[in-house]
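S.K.: Below is the structure I would like to discuss, written out as structure tokens.
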Amino acid sequence: MGAEALPRNNEIAAAAAVSSHPLILGLQPAALVDHVAPVDWSLLEQIPGDRGGSMPVAIEELEHILEEVKAHKLPSPDELSPMKTMAGGSVANTIRGLSSGFGVSCGIIGACGDDEQGKLFVSNMSFSGVNLSRLRMKQGHTAQCICMVDESGNRTMRPCLSSAVKIQAGELTKEDFKGSKWLVLRYAIFNLDVIQAAIRIAKQEDLLVSLDLASFEMVRNFRPSLLQLLESGDIDLCFANEDEAMELLRGEQTSGPEAAAEFLARRCKWAVVTLGVNGCIARHGKEIVRVPAIGESKATDATGAGDLFACGFLYGLVKGLSLEECCKAGACSGGSVIRALGGEVTPENWQWMYKQMQIKGLPLPDNRK
């Protein structure tokens, strides 16, 4: 499968020119496009796998589910079309949010296909000011994911990654990481070799590493490899939601969010366990804080809530804020994305977030409009 630098069209050139050495880099081996739609319970009961989880599917099954979603989707009062299509993936959501909402210089490392989905990914990320000079274009398909949102705002995801192009471990170079300060990762067993190679180079270049635990299924099914990563001492910051934390502690003598935060804090400089409507718990050394959620108790769509929480928390760290302030910034940004469909924050909801940050006495991003 051939690889080449992305075409230097005006859109990509403008994004690359934002900063040749972005402060924060995201590794997403396979670019991903999300199809987000509200659906009813009857459809979710027909979809194999756990409701609320993320289970990979083959291209044929993805196409079948997409057709079913189109037939079952619920009307969305604020949209002409109930289905939204956008650049997706946990890391992309975080990087895009940091760039567009917080004005932090960001870049993404990965690969996209030379298809319509690849073009959409490039257009969406470049519009948000993300540096794409480390994104390789390859002949083939771009990964896709169907995000089905139920009446309670919970999302069930079915990604199709098996036939998609992705960056390989051997393609990573020191130049990709040079001059940056943070590397943002998402745990995935099928990308483990790329993740390990990226961490190795990142540490050689003195980058801090942030890891998101991805999904409770990923932790449940591939816990030994995850523990090996955490025990390496190379993970500086770890994010887990409550379900992932429960799976992480399976077999341990203690359980619960507090125990998970302590477990992670023994292995990472910063440990964060998000608790949905109940806020979050975070630890840094012996310091522990608990911060409530901000915004509506009922989410329109929980897609990207954890990814955008990570935006605010990382923004706080690069700004030198306290642990509690980092959590408050995360709560503000996490609360902003659940107000609309999809993992991308709308301009109106960025304004909502800035207002919440102002109320909390947090420093506002310089790029706000």
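S.K.: Test Leu23 against the criterion of being in contact with a strand residue (DSSP E or B) (Cβ under 8 Å, 6 or more places away or on another chain), modelled with pLDDT of 90 or more and open to solvent by 20 Å² or more (accessible area, probe 1.4 Å), and give yes or no.
M.R.: In short, yes.
S.K.: Next up: When segment 27-59 is examined, which residues are found to be out of contact with any Asp or Glu (no Cβ under 9 Å at 6 or more places or on another chain), surrounded by fewer than 16 Cβ atoms within 10 Å (Cβ to Cβ), assigned to a loop (DSSP other than H, G, I, E, B) and in contact (Cβ under 8 Å) with a residue 12 or more places away in the chain?
M.R.: Answer for segment 27-59, where residues must be out of contact with any Asp or Glu (no Cβ under 9 Å at 6 or more places or on another chain), surrounded by fewer than 16 Cβ atoms within 10 Å (Cβ to Cβ), assigned to a loop (DSSP other than H, G, I, E, B) and in contact (Cβ under 8 Å) with a residue 12 or more places away in the chain: just Ala58.
S.K.: Scan (1) buried (at least 18 other Cβ atoms within 10 Å of the Cβ); (2) farther than 22 Å from Gly334 by Cα for the single condition Thr254 breaks and write down its number.
M.R.: For Thr254, the exception is condition (1).
S.K.: Filter segment 202-244 down to the residues that are at pLDDT 95 or above, surrounded by 17 or more Cβ atoms within 10 Å (Cβ to Cβ) and small (Gly, Ala, Ser) and list them by number.
M.R.: Ala202, Ser210, Ala240
S.K.: Name every residue in segment 180-208 that is more than 17 Å from Lys166 (Cα to Cα), in a helix (DSSP H, G or I) and either free of Cβ contacts under 8 Å to residues at least 12 places away in the same chain or not hydrophobic (A, V, I, L, M, F, W, C) (or both), in order of residue number.
M.R.: Listed by number, the residues that qualify are Arg200, Lys203, Gln204.
S.K.: Could you tell me whether Glu287 is touching a helix residue (DSSP H, G or I) at 6+ places or on another chain (Cβ under 8 Å), modelled with pLDDT of 95 or more, farther than 24 Å from Gly153 by Cβ and of a type in the set (D, E, K, R)?
M.R.: yes
S.K.: Okay, moving on. Every residue in segment 178-201 that is out of contact with any Ser or Thr (no Cβ under 8 Å at 6 or more places or on another chain), at pLDDT 95 or above and within 22 Å of Gly97 (Cβ to Cβ), please.
M.R.: Answer for segment 178-201, where residues must be out of contact with any Ser or Thr (no Cβ under 8 Å at 6 or more places or on another chain), at pLDDT 95 or above and within 22 Å of Gly97 (Cβ to Cβ): Ser180, Lys181, Tyr187, Ile195, Ala198.
S.K.: Of the conditions (1) over 28 Å from Ser152 (Cβ atoms); (2) open to solvent by 50 Å² or more (accessible area, probe 1.4 Å); (3) at pLDDT 95 or above; (4) not acidic (Asp, Glu), Asn367 clears all except one; give me its number.
M.R.: (3)
S.K.: Examine segment 82-93 for a residue that is open to solvent by less than 20 Å² (accessible area, probe 1.4 Å), touching a Cys at 6+ places or on another chain (Cβ under 8 Å), farther than 22 Å from Val69 by Cβ and in contact (Cβ under 8 Å) with a residue 12 or more places away in the chain, and state whether such a residue exists.
M.R.: Scanning segment 82-93, I find no residue that is open to solvent by less than 20 Å² (accessible area, probe 1.4 Å), touching a Cys at 6+ places or on another chain (Cβ under 8 Å), farther than 22 Å from Val69 by Cβ and in contact (Cβ under 8 Å) with a residue 12 or more places away in the chain, so the answer is no.
S.K.: What number goes with the only condition from (1) touching a strand residue (DSSP E or B) at 6+ places or on another chain (Cβ under 8 Å); (2) hydroxyl-bearing (Ser, Thr, Tyr); (3) under 26 Å from Thr300 (Cβ atoms) that Ser105 does not pass?
M.R.: It is condition (3) that Ser105 fails.
The values are calculated or read from the model by the stated rules, or taken from the named source; none is laboratory data. What you see is a predicted model, and the numbers here were worked out from it, not measured in a lab. Every residue, glycine as well, gets a Cβ built from its backbone with ideal geometry; the counts of neighbours run over all protein chains shown. What goes into the accessible areas is simple: the full protein's heavy atoms, side chains included, and nothing from ligands, DNA or RNA. Shrake-Rupley method; radii C 1.70, N 1.55, O 1.52, S 1.80 Å.
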